[in-house]
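Let me begin by presenting the structure, written as structure tokens, before commenting on it.
The values are calculated or read from the model by the stated rules, or taken from the named source; none is laboratory data. It should be emphasised that the depicted structure is a prediction, and the values quoted were computed from it without experimental measurement. Here the Cβ is made from the backbone with ideal geometry for all residues, glycine too, and neighbour counts use every protein chain on show. We work out accessible area using only protein heavy atoms, side chains counted, and drop any ligands, DNA or RNA first. Shrake-Rupley method; radii C 1.70, N 1.55, O 1.52, S 1.80 Å.
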Amino acid sequence: LDNEHLSEGRLRLVKRADRKTAQAGDVITFTIRYDNIGDKPVSEVQIVDHLTPRLEFIVGSGTSDRDGRLIVDDDGVGSVVLSFELAEPLPGKTGGVVTFQARVK
């Protein structure tokens, strides 16, 4: 195929929790699967999640199966914003997984 017939890079995100219900004090593991469903690479990928004030991020629980960094910022309303920044462009037809844990307040 020549470049004119390749689709642009497009991200698909799916977020899942390891439980359907939780009580105060319970720890929930979240998994965010991301895939570039296009053909071309996507650069400067950031996976951003705004936690609700009912969840407390567990420091050190963030993981990624691709090189990058996790930035945790206070959102100013009692919770945090998590930003996973990938170090390299995400090639077409590839993906990865980030996980983190949070405790129910």
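Could you order Arg33, Arg12 by accessible surface area, starting with the largest, using a probe radius of 1.4 Å?
In descending accessible area the options line up as Arg12, Arg33.
In nm, to one decimal, how far is the modelled label at Val97 from the one at Asp26, with both set 7 Å along Cα→Cβ?
Reported label-point gap for Val97 and Asp26 is 2.1 nm.
Using a simple spin-label model with points 7 Å from Cα along the Cα→Cβ vector, what separation in nm is obtained for Val48 and Asp74?
1.9
For a test of the definition: using alpha carbon positions, the gyration tensor, and the 1.5 limit on a/c, classify the stretch 46-105 as rounded, prolate or oblate.
Prolate shape, in that a/c is at least 1.5 and a/b is the bigger ratio.
Pairs of alpha-carbon atoms within less than 8 angstrom and 6+ residues apart define the contacts here; what relative contact order does the stretch 59-105 have, in percent?
45
Before I look further, what does the stretch 18-101 give for accessible area per residue, probe 1.4 Å, in whole square angstrom?
With the other protein chains kept in place, the stretch 18-101 gives 57 Å² per residue.
DSSP loop (so not H, G, I, E, B), at most 10 other Cβ within 10 Å: list which GluC sites (Glu not before Pro) in the stretch 14-105 pass both filters.
Glu44
Taking 8 Å as the Cα distance limit and 6 or more residues as the minimum spacing, I'd like the relative contact order of the chain as a percentage.
36
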